[in-house]
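I have placed the structure first, in the form of structure tokens, so that the comments after it can refer back to it.
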Amino acid sequence: MQGAEILLLPGVMPRLLQGLWVTVWIAAVSVIVSVPVGLLVGWLMTLKNPVVRVLMRIYLDFIRIMPQLALLFLAYYGFARWFDWNLDATGACVLVFILWGGAELGDLVRGALQSIPEIQAESAYVLGLTGWQSFVHVILPQALRRLLPASVNLATRIVKTTSLAVLLGVVEVIKVGQQIIDANRFQYPDGTLWIYGVIFFMYFIVCWPLSIVARRLEKRWAND
Amino acid sequence: MTDIDANVSAGAAKGAALSVRNLVKQYANADRRVLDDVSFDVPKGRVLVVVGPSGSGKSTLLRTIAGLEPIQGGQIALEGKVIETGKPGSEKDGRSARSSELRTHIGMVFQSYDLFPNKTVLGNIMMAPLLVQKRDKAEVEREALELLGKVGLADRKDSWPHELSGGQRQRIAICRALILHPEVLLFDEITAALDPEMVREVLDVVIGLAQAGQTMVIVTHEMRFARAIADEIIMLEDGHIVEQSTDPERFFTEPETERARQFLRTFEFERASHDQQ
């Protein structure tokens, strides 16, 4: 149990919680804004217009093929250099995670929309619903049900990937942990494990409820 | 074979709820026509039954009338007004651009149980009257409950579609179409996917509608039902009308064409072999 006292030092837990707040804030904003972006992207991907399709394909593939870290550097350093657009590190993170989440979610939305049987749209058409009414009242609600479990998993991935923000200098939970470890290296040489243990636990507390929700929804909607 | 071609240019016959003239339906990259020069009238309050072997174009015929498939030739008229005119080269077009309002005049019930799974029974029935016809909610609900009562499902108004049997779902699909007060109702093999015990409860509802004077076009493989309900009958094969009669009893007992005789015999045989068990 050597080194556990590091957690009791004044300021350690509050600082870790502050760091966690930064992590949760970046993740939450990214996930929340990703939802409309993803819905829009997914809807665009189901359109028959070839130009829109190609553009969406390029967007999706670019985001997926590039490592998230490379995207972060592009947004942070690249935008400043090429467009004279100086995003702060947190802003760059949020932007990248929205683009990434939007692309991934968009692909999920596309799949969900296309999985709704054609007869549903045909029934709506015969009943006189306009294309928009059919989308909003018939197709989208059914697609969202199929979509929810997978998108909750995506949200947990976004939470975990926020740890890359360290590399842009954002002081989120992992960075705070490193600072505490570095500052106490000589008094508490074994503190490292404890600090990272606490961080592990914090990530778990944030992501675990999401996993539970996803599993529950999957079960409940499995037989519909 | 058919003398209806004589009044091609005369357009819709008087008093016809639905008139189809020289209808041509063709899919892209296909030489064969799915429907070729099909003409008939359905007088108001009458029931037309369409029979024929699988792949004869029966379902496609209903789908063109409902506006789900573009037509490449001929005309479709509802109560004397042309609602669809065939356009050559329209094979790849989507559903007809006809107005929402017009679509509510032609109801359709499909073979698969196509209720909206995200809505309750009442939600399914009330959706179109509220969204499309902008009717008063209380009035729509009252009529929905009345219709549910008529099909014996008043107690299921708050159920979800997945909680219902196929027969119950089809009866609700019929209510969902009826509440719009369509001039014509189209039934596309609505009992084909049902367990035998459930066929009856659905067909009884349809027979009730016929007695109430609802104009209908019914595609079915249930020959005894067809015989009981038809005022007029058409037999289709390979997209052509083989035989057309306003005397269904005669069609089922002594059809004019050899092809119709053959077709009807296949059902006789099935029934005989079942009776032996």
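What follows is calculated from the coordinates using simple rules that are stated; it is not laboratory data. Note that the structure is a prediction, hence the values are computed from the model and not measured. Counting neighbours? That spans all protein chains shown, and the Cβs are built from the backbone with ideal geometry, glycine included.
At-a-glance table
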{"read-out": "Axial C-alpha extent at least 18 Å, average Kyte-Doolittle at least 0.5 - helices from chain A (DSSP)", "value": "A:12-46, A:50-65, A:89-115, A:191-221"}
{"read-out": "Simple label model, 7 Å out from Cα along Cβ direction - B:LYS81 to B:ILE207, nm", "value": "3.6 nm"}
{"read-out": "Partner chain coverage, peptide A:116-122 - average Cβ within 10 angstrom", "value": "4"}
{"read-out": "Peptide B:101-108 - average C-beta neighbours from other chains (10 Å radius)", "value": "3"}
{"read-out": "Cβ-placed point charges (K, R +1; D, E -1), dipole of the stretch B:195-266 about Cα centre in debye, nearest 20", "value": "100 debye"}
{"read-out": "Residues A:VAL213 and A:MET13, FRET efficiency given R0 of 25 Å [Cβ-Cβ distance, rounded to 0.05]", "value": "0.40"}
{"read-out": "Prolate/oblate/rounded call for chain B, Cα gyration tensor, a/c under 1.5 rounded", "value": "oblate"}
{"read-out": "Modelled label reach - B:ASP158, point 7 Å along Cα→Cβ, the stretch B:120-141 residues with backbone N closer than 16 Å", "value": "B:120-124"}
{"read-out": "Computed FRET value (nearest 0.05) for A:ASP88 with A:LYS48, which takes r as the C-beta separation and R₀ as 45 Å", "value": "0.65"}
{"read-out": "Selected from A:ILE195, A:ILE205, A:ILE63 as most flexible by GNM, with chain A as the system and alpha-carbon contacts under 10 Å", "value": "A:ILE205"}
{"read-out": "Estimated FRET transfer efficiency (B:ARG135, B:ASP247; beta-carbon r; R0 56 Å; 0.05)", "value": "0.90"}
{"read-out": "Gain on full stretching of the segment that runs from B:SER99 to B:ARG142 - 0.36 nm per residue minus C-alpha separation", "value": "12.8 nm"}
{"read-out": "Candidates A:THR130, A:THR46, A:THR161, ranked by Gaussian network fluctuation over chain A, Cα under 10 Å, top entry", "value": "A:THR130"}
{"read-out": "Where chymotrypsin sites (Phe, Trp or Tyr not before Pro) fall in DSSP loop in the stretch A:14-64, at most 14 other Cβ within 10 Å", "value": "none"}
{"read-out": "Most mobile listed residue (B:THR220, B:THR85, B:THR191) in chain B, GNM with C-alpha springs under 10 Å", "value": "B:THR85"}
{"read-out": "Shielding by partners, peptide B:76-84 (average Cβ within 10 angstrom, other chains)", "value": "0"}
